[in-house]
Every structure is written in structure tokens, then in C-alpha cells.
Amino acid sequence: MADHLPRIATWTGLRQHLVKLTSHFLRSASDYIRFRAVCKRWRSAVPPRPRHLPAQLPFLLYLSTPEPRNSSAFCLANAFNGSMRRLPHTTSMYCIGSSYGWLILISEATSAVSLFNPVTAEDIPLPPLSTLPSCVLLLFYQSEDGIGSYFIKTDYPNIPVESNAIVDKAVLSSDPTLDRDFVAIVFLDGIYKRCFTCRPGDRSWKDNVNEPFYDLHWIFPGVPQVFNLTDVVPYGERRLCAVYNDNDYLAVFDVDPGPPGRATMIAWNSIPPCVPRGGLPTYLIGSAGELLLVTEFCKRSAARKNTRSFRVFRLDPGDGDRPAKAIEVEDIGDRMLFLGTSHSVCVAAGDFPGFLGNAIYYVKEEKMSLEGEDTLVSTVSVVNLENGEITEVIDSGGSEPDGLEWLSDWLDIPWWVAPNLGRGNN
């Protein structure tokens, strides 16, 4: 009689074409990873990097500077809730940039630079910063307070420069997962904003040909030209857009993969006067083929309390023949913006149930006195652009739902990182 019992179908026995069809309904990278982990048959039925996934919700990667370095990642569960997860110690490594889900890391001990994908744990080595042209010494500065930064001693005989230059920002021209000819670009502060480039497999960093700020120095002889880099992002096909001097200027760089790889300025324009000036935090975001510029400002309420708010502009950076244009946008529709100091992220809320569009997420830092010492406390908030309402994101991982907050160091930088399931295309 047992021989006549009906066979019970198992999920692991699902035909491969049905597994593949089912995977196309998944919208979240984390769900897709769990889906492939069910069994070997399912893993072989669907590719490790799907092409149907939309732009993903980023996680907030927090790399603590002081020793011992505790790293954490904050993941959103819905519009106003999320949880913080501790990560392994990131000993002797510092993050100097983030692009396309890859962290740009530098070793304290060796000055070695590498790209690291925190989702796939893949590492792509790049030349150490000690190979920068005219670089005679690279050192790690440790103050009495334990605050550290990378400094580069330089020797440019024809240009009066500061004795030290600090690594300002680092960015990638394109996604290493999709483009084997991507170029890494490092901007240094203190030496007229020179930027240096390298390709994967290079042994050293290259100085830029026709470096714009070198030229500007000679256009205005005897006048110190200081251009403070506010933000820089890749956009379009192998191009970068950068904002300088508190929203005074913007530059467009064309990135040539070479070899050698290089970034050449093809436009230097004044930012339209409708964009506020005056030392306001500014962010550039690529969004659905558009370039958005977001400025932060303080709004004083009837109760005389200052609250943060934002103005959003659709930006056309122009070119060598056209001036830049900016149009203020009061409604960004279904989009959510996650603002950060490097490579802010734009995501469509409709792809993720429980999230609301026309919103901006940002990290708020406040100075507080704890046990007689000034301490920086960080929180995550979201502002609804329709009504200006600001809501603090709740830590749903605690014993009781409470506002998410953590202690941070003065030089700590939180990074919004969009998950990238791909591996370097080398």
C-alpha cells in the first residue's frame, strides 16, 4: 500500500525554468541572495548578478575612526524603522570614498588602496598612494586625541603648495562590475585640487594631463587660487560633475580610460544664482538620467527653533559652450534621496513596499555633553518634501522601539552604500 502513496513535491525539486521565472518577481537584493541560498539547484538556475533588480535601498555603513574600530551597518526595514548590525573590526583601513556599492579603502600601514564590495567581499587592489607623482613621503598623522588623517608630503618645484596635502575625495568613473576599464580618481586638498587617476592593474597613480587648476594658477599669477571641493559624482557616460567653493562653480570632467586613464576638465561654469551660497552642505545625485543638486538650510519655526530642510534643483552642468542651468524642484515624485558626503543614492519608493516617495534621508549630528566631555551623537532622519515634516528613524532592533542613535568621532564619516551583487569585471 505504501507504494501507492502520492509523491510529495518539494521546493528544491522545482523545475529550473520555474525557479528562474519566480526569481524575476524579487525586487530586493537581500531577498535574491536568500533565494539563491535555498539549495544548489536554485543557485545554479539563476545568475549571481540579476539584471532585473531596481536601484537598491542603501545601507548606512558607519566606520569608526578611534581604536578599537567598531563598524556598523544600518539597514532600513520600512520608511521609519531599521536596525543596526555590528560588523567585524576594520583594523588599519580607512574609507576615502564610495561608488557603485564599492568602498575605496586605504591601508594605514602601507598606503595601499583597494576597492572592497561589502556584499560579495571581493577586493580589487589599486596602486598605493605612495606612488603619487612627486610624492616623497606618505604618513599617518596621529594626534593626542587619537584623530587620524592621511597626509601626503609633496614636492612640486614650480608651484607654491602647502607642505601637506590631505586626501579629500575618491570616486570611480563607472561600475567595476560592468566596466573593466573603469578609472579611479583621487582628489587631494592643499595642492590646487589636483586629481590623480589609475586603472586596475596599474602600478602607480598618474597626474592629469591639462590639469585645470594648474592652468588656473598661471592664468592668475600671484593670486592664490583655492577651490574647495564640495562634492563630486559620476554621471552620464564616463563623466564626473564636481561642485566647488560653496556652490560658486562646477566642473565637468571627461574620463578617458586610456591607457593611461585620465580625467580632463571640459567645462568650468558658474552655478546659476538661484542656487543658495554661503557654506551650506551641498550634495550631487544622479537620478534617472538627471543630475540633482540638493542644498541644506536651517528653517526657523514659530517656536524659534531651527530645523533642517532642503532645496532640490535639477542641474544641467552645461559644457564648454553652454552655461550651467538649474531649476528648483519642489516635488521629486516617487524618488527617495539618501544624502551623504560621497555618492548619495536615489531609489524609487514604488519598488519597495512600506516606503514613501518625495522624501530625503540624512544623517544628523549633534554635539552633546556626556560625563563632562563633548560627544558627537548621530541619528538618521527623513524629511517629507511635501509638508516639511521631519521624522526620526526608529531602531527596531532594540528591546524597545526608540530613536536610532550612536556615538561617533568628529572625523567619522557615515557612508550610504547601495548593495552591488556583481563581481569586478576584470
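Remarks
- Filter pass, V312 being in the same structural domain as A267 (by TED's automatic domain parsing) and crowded, with 17+ Cβ neighbours inside 10 Å: yes
- Restricting E290, E296, E330 to residues that are farther than 30 Å from R180 by Cβ, surrounded by fewer than 19 Cβ atoms within 10 Å (Cβ to Cβ), acidic (D, E) and out of contact with any Phe, Trp or Tyr (no Cβ under 7 Å at 6 or more places or on another chain) narrows the list to E330.
- Wholly within region 46-120, strands (runs of 3 or more DSSP E) carrying at least 3 residues that are at pLDDT below 75 and within 27 Å of Y235 (Cβ to Cβ): 71-78
- Once region 50-62 is narrowed to residues that are out of contact with any His (no Cβ under 6 Å at 6 or more places or on another chain) and surrounded by fewer than 14 Cβ atoms within 10 Å (Cβ to Cβ), the residue that is nearest to T120 (Cα to Cα) is R51.
- Matching residues in region 191-210 - criterion: being within 17 Å of V171 (Cα to Cα) and modelled with pLDDT under 85: K193, R194, C195, D207, N208
- Number of residues in region 24-35 that are more than 17 Å from P353 (Cα to Cα) and modelled with pLDDT of 90 or more equals 1.
- Scanning region 243-265 for residues that are more than 23 Å from L178 (Cβ to Cβ) and assigned to a strand (DSSP E or B) returns V243, Y244, Y249, L250, A251, M265.
- Total residues in region 27-46 satisfying the condition of being more than 15 Å from N420 (Cα to Cα) and either of a type outside the set (K, R) or crowded, with 17+ Cβ neighbours inside 10 Å (or both): the figure is 9.
- Residue within region 278-295 that is more than 28 Å from P54 (Cα to Cα), of a type in the set (A, V, I, L, M), in the same structural domain as L178 (by TED's automatic domain parsing) and free of Cβ contacts under 8 Å to residues at least 40 places away in the same chain present: yes
- Consider region 222-242 and keep the residues that are modelled with pLDDT under 80 and out of contact with any helix residue (DSSP H, G or I) (no Cβ under 9 Å at 6 or more places or on another chain). The one that is farthest from F182 (Cα to Cα) is G222.
The values are calculated or read from the model by the stated rules, or taken from the named source; none is laboratory data. Keep in mind that this is a model prediction, so the values were computed, not measured. As a convention, Cβ positions derive from the backbone with ideal geometry for all residues, glycine included, and neighbour counts pool all protein chains shown.
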